[in-house]
Amino acid sequence: MKIYLEKTNEYKDVEASTVKELLAKLKINPTTVIVIKNNELVSEDDKVSNKDEIKLLSVISGG
Amino acid sequence: MVCKNCQERPVIKLTNSNIYLCKNCFIKYFEKKVKKTISDYKLIEKNDNIIIATSGGKDSTSLLYLLKKILKGRKDIKIIAIAIDEGIHNYRDKSLEFLKIFCQEHEVELKIFSYKEEFGKSLDEILKTYKGIPCSICGVLRRYLLNKKSKELKATKLATGHNLDDEAQSIVMNYFKNNIKISARLGPITGIKKDEKFIPRIKPLYFLTEKEVTAYAFLKGFMDKFNECPNSPYSYRGQIRDMLNDFEAKYPGTKHSIIMSFLELLPVLKENYRNNLHAINYCVSCSEPCSQKECKTCKYIKTVIKL
């Protein structure tokens, strides 16, 4: 499935069945992002499929 | 997995526990935690004139919204938002545009002060000649303006959007750099000695993680894009932040533990530095409070900005 990474403004292709697995495959630390599935915030245990639109938003802002 | 309170679909797992919460329960949890911090640490008192340091980012926007909501009906308390425009192209200009609209919609007075008007150059211009770490000079200039402008606006408190991650980073940074004296000025409300030239800073988001604040800002519909300052990755703080986040992923609760241990030590640190602290100096050039003869801002103005 295609995942949009807001921080770097790019798409990555990953196969995963849960948010946790998806983040692990992308080597992204779960404390540094929130995950948006079909415009809804989801927890790391949420299931994902190829039909879902997934966005990762970085939680880091200031300097 | 379901929400701990109501069996609805969870949107978040709290960072330092195995608790899952749905959208409504998380928003309630978040707001309750802010109110509890304000009450436990007496952050707000009768007749306070509160200046909220805002930037258009998730932390200060959430803070602004919550203080306005919590203090609704308190006629004795005044709140004004101030923002510092450092002059960071494609970053601060965008967030300030958002902030102006947000303040208008929430009926909060907003005052913006810029480096360009106050010091003669924007941060982008300063960085053309200054080759040090951007956050070092930017942090000094920003804190200087926030304190100075808060005094001019007769503030009794300066509220900032610092969250648990920010504070844990500061504690570790000060420890790594042998700056424990500076840590004595941290905590949910700052200050060791009372001085009319220092406005006490309050941090109502103190016990909420950066991830929780981001989730709150998203769920409340404040924003769906969270931009990072382009200078942030070069900072010492940025490296400490990455290190703590790595630890947090491996050992959940690390950042909370740093804060809770620090809060146990803080009264001892304050007491120690209250008795042993040198008298507060006032800068020979601008009369702002500082630890040496001349404040860092005036030194930067002479050695970097006026070049």
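What follows draws every value from the coordinates through simple rules; no lab data is involved. Because the structure is a prediction, the values reported are computed rather than measured. Because the Cβ atoms are built from the backbone with ideal geometry, glycine has one as well, and the counts that use them run over all protein chains shown.
Could you tell me whether the stretch B:176-184 includes any residue that is part of a loop (DSSP other than H, G, I, E, B) and surrounded by 15 or more Cβ atoms within 10 Å (Cβ to Cβ)? Scanning the stretch B:176-184 turns up at least one residue that is part of a loop (DSSP other than H, G, I, E, B) and surrounded by 15 or more Cβ atoms within 10 Å (Cβ to Cβ).
Counted as qualifying within the stretch B:74-173 are no strands (runs of 3 or more DSSP E), as none has 3 or more residues that are surrounded by fewer than 18 Cβ atoms within 10 Å (Cβ to Cβ), among the charged types (D, E, K, R) and touching a Cys at 6+ places or on another chain (Cβ under 7 Å). Touching a helix residue (DSSP H, G or I) at 6+ places or on another chain (Cβ under 8 Å), within 12 Å of chain A (Cβ to nearest Cβ), in a helix (DSSP H, G or I) and among the polar types (S, T, N, Q): is that true of B:THR61 in this structure? Judged against the criteria, B:THR61 is a match.
Inclusion of B:LEU208 among residues that are of a type outside the set (Asp, Glu), buried (at least 22 other Cβ atoms within 10 Å of the Cβ) and within 14 Å of chain A (Cβ to nearest Cβ) is warranted. For A:GLU21, the requirement of being more than 7 Å from chain B (Cβ to nearest Cβ) and loosely packed, with under 14 Cβ neighbours inside 10 Å is not met.
Of all residues in the stretch B:137-179, those satisfying the criterion of being of a type in the set (A, V, I, L, M) and within 18 Å of B:GLY238 (Cα to Cα) are B:ILE137, B:VAL140, B:LEU164, B:ALA168, B:ILE171, B:VAL172, B:MET173.
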